[in-house]
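Following this message is one structure expressed as structure tokens.
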Amino acid sequence: MNMNPIHPKKLLNSKWTKVNVVQKLKHFTVAKVEYDEQQNVVECFIRAEMNAEEFSIDWRDLKDPQLWKIGWQ
């Protein structure tokens, strides 16, 4: 399986499309990324474009093409 290419440093403001749409929430933008002292991602928040609701996610899930597509599609 090919993984979505994403680097932790390029997460902020990246755009994503959820493969399995829930409650009509399909398009998301990475709104906030927190790093530790070693510059590892410790928390990642995505914002739904439809209603601006924010969710905390494991940023590595964005690499899974069965869950997410890069960009808004």
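A short reminder: the numbers here are calculations on the coordinates, not readings from a lab. Note that the structure is a prediction, hence the values are computed from the model and not measured. Cβ placement follows ideal geometry from the backbone for every residue including glycine, while neighbour counts extend to all protein chains displayed.
Rounded to the nearest 0.05, what FRET efficiency do Arg47 and Met3 give with R0 = 30 Å and r taken as the Cβ-Cβ distance? Could you check?
0.85
Using Cβ counts within 10 Å as a stand-in for footprinting exposure, how do Ile6, Ile70 rank, fewest first?
Least to most surrounded, the residues fall as Ile70, Ile6.
Compute the length gained on full extension between Leu12 and Gln66: take 0.36 nm times their separation in residues and subtract their Cα-Cα distance, giving the result in nm to one decimal.
Residue separation times 0.36 nm, minus the Cα-Cα distance, leaves 17.3 nm.
Given +1 on the Cβ of Lys and Arg, -1 on the Cβ of Asp and Glu, and no further charges, what dipole in debye does the stretch 8-70 carry about its Cα centre, rounded to the nearest 20?
The dipole magnitude comes to about 440 debye.
In addition: Quote to one decimal, in nm, the extra length available between Gln38 and Lys24 on full extension: 0.36 nm per residue of separation minus the C-alpha distance between them.
Once the chain is fully extended between Gln38 and Lys24, it gains 1.4 nm.
By what distance, in whole Å, do the Cα atoms of the chain stretch along each of the three principal axes, largest value first?
Principal extents (largest minus smallest coordinate, Cα): 37, 31, 15 Å.
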